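Each value in this text was obtained by applying a stated rule to the coordinates, not by laboratory testing. As the structure is a computational prediction, the values presented were derived from the model and not from experiment. All Cβ positions, even for glycine, are placed from backbone atoms using ideal geometry, and neighbour counts span all protein chains on display.
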Amino acid sequence: MKKPILPPLDYQPRPYHGPSAEEVLKLRKEYLNPGIFLYYKTPIMFVEGKGQYIFDDKGHRYLDGLGGIVTISVGHCHPHVVAAAQQQNEILQHSTTLYLHPNITQFAEKLASKLPGDLKVCYFVNSGSEANDLALLMARAYTGNFDMIALRNAYHGGNSSGMGLTAQSTWKYNVPHSFGVHHAIAPYPYRGPYGYEDADAGRKYADDVKNLIDYATPGKIAGFIAESIQGVGGFVEFPENYLKRTYEHVRAAGGVCIADEVQTGFGRTGTHFWGFETHDVIPDIVTMAKGIGNGAPLAAVVTTPKIAQSLVGKVHFNTFGGNPVVSAIGKAVIEVIENENLQENSLKIGARIRDGLEKLKTKYPIIGDVRGKGLMLGIEMVKDRQTKEPAKAECAQVLENAREMGLLIGKGGLWGQTIRFAPPMCINQADADFVIDVFDAAFAAL
Ligand SMILES: Cc1ncc(COP(=O)(O)O)c(C=O)c1O
């Protein structure tokens, strides 16, 4: 098998003269949170990025197939985004929502123009966890109900309400954080009770939400939250009609429906700008982060004027939310997605890669499932296709093998058994072919 070669790039990273990776690792061990983890047996240090590529301290180039955990949406250091940030940085870095500023309002108008229905009132915060915390508050304030339904295998954040909504033991500390949150069965066709072959799986999984409402709550709920494709959970796609049926059950119980678009938003799924649109539903509240800012600390909650009214009367305030610099960045990101047709690119390039992955599945029995939409693709690895025993160590080895060849990828799922591929949406056909060659070689080398 020939060694995959990264497509050519007419760009030279600048020489790096900062501290070495070894020195940085030493400082990190001494001064940073010991609970965070590093990918790779020999950790990499990245110091520069350009488009879909990223460079380490030695000047080696990699195709960034994880995009800083599904965050680099339009490409590293996109000139339009950099210019918007620089321009604003030079004239006013911060004011506050106590005063008027054009950027936050213009960004809100632009963002609202991308959302369907009556979803138009924007709240800006700094992270996905904060966005979900606010959405939870909104659901409870609006409905007057307390109980929430979330899904097993979900990830919604690391603060206490995000952790409460999350349902994977990896991310849950042993402290009280889940009051009023009930977790329904994950609509996970590959591992759940209703598989891909069951045409009625969507209804059956949705019935579990109804069952949970009837048995575990007072019958009235504040709401339901779900990612449109479970991200940290290993890019799990829900069966057809699942969200539609579930939204009906939730609304019948007085609840609102929250779509967590932190990973699936901004065109990544290819056919639509938002992941929920692929399920033909309109939520009452949408939360977003990551790709919205292409790396800037920016997140948002968007809801209807009616629901927004429920937070009037008290002040909901966020010091940095929608600050002039991040608002300029957020607006520029949407402009790039539009001007460079990145949603369409996600569809086209995503289909090409998915097709290649499906072929690899026929070649390597360790690939149990290939799934995902657009440029959000997962490969679930199993030791045995019958037992579906998670191939955790092998998955980690595929990451190492791919890294050796210049491709960064991620992993997810409860056992770290699913490869996650979610690059900047500007990758091209040559990159796609490189990615497939790397996966082929990485699986062959196992
Ligand atoms: C779906 C989803 N929601 C919420 C979050 C939390 O976002 P943040 O890390 O910005 O707080 C994440 C982070 O990975 C996520 O994937």
Requested in this report: Assess whether ASN153 counts as being in contact (Cβ under 8 Å) with a residue 40 or more places away in the chain, over 19 Å from ILE221 (Cβ atoms) and within 20 Å of the chain's Cα centre (by Cα).
Outcome: yes
Report summary line: Given the conditions (1) closer than 17 Å to GLN230 by Cβ; (2) more than 15 Å from the ligand (Cβ to nearest atom), every one holds for ALA154 apart from (2)
Report task. Among the candidates GLY291, GLY275, GLY265, single out the residue that is surrounded by 24 or more Cβ atoms within 10 Å (Cβ to Cβ), under 28 Å from ASN103 (Cβ atoms) and in contact with a Lys or Arg (Cβ under 7 Å, 6 or more places away or on another chain). Result -> GLY291
Query - Members of region 300-350 that are under 30 Å from ARG140 (Cβ atoms) and of a type in the set (Lys, Arg) - result: LYS306, LYS314
Query raised in the report: Across region 67-113, which residue is surrounded by the fewest Cβ atoms within 10 Å (Cβ to Cβ) among those that are touching a Leu at 6+ places or on another chain (Cβ under 8 Å) and aliphatic (A, V, I, L, M)?
Result: ALA112
Query raised in the report: Hey, any hits in region 168-178 for a residue that's within 12 Å of the ligand (Cβ to nearest atom), of a type outside the set (D, E, K, R) and buried (at least 18 other Cβ atoms within 10 Å of the Cβ)?
Result: yes
Query raised in the report: Conditions: (1) surrounded by 20 or more Cβ atoms within 10 Å (Cβ to Cβ); (2) in a loop (DSSP other than H, G, I, E, B). VAL326 meets all but one. Number of the miss?
Result: (2)
Report task. Could you check region 119-206 for strands (runs of 3 or more DSSP E) lying wholly inside it with 1 or more residues that are in contact with a Ser or Thr (Cβ under 7 Å, 6 or more places away or on another chain) and within 27 Å of ALA296 (Cβ to Cβ)? Result -> 121-125
Report summary line: Counting only residues in region 74-101 that are under 30 Å from ARG268 (Cβ atoms) and small (Gly, Ala, Ser), the one nearest to the chain's Cα centre (by Cα) is identified as GLY75
Query raised in the report: Regarding LEU298, is this residue surrounded by fewer than 24 Cβ atoms within 10 Å (Cβ to Cβ) and of a type in the set (A, V, I, L, M, F, W, C)?
Result: no
Report task. Name the residue, out of THR304, THR278, that is farther than 27 Å from GLY67 by Cα and more than 14 Å from the ligand (Cβ to nearest atom). Result -> THR304
Requested in this report: Give the number of residues within region 243-252 that are buried (at least 24 other Cβ atoms within 10 Å of the Cβ) and away from the ligand (no atom under 16 Å from the Cβ).
Outcome: 3
Query raised in the report: When the residues of region 118-138 are filtered to those that are of a type in the set (Ser, Thr, Tyr) and crowded, with 23+ Cβ neighbours inside 10 Å, which remaining residue is farthest from the ligand (Cβ to nearest atom)?
Result: TYR123
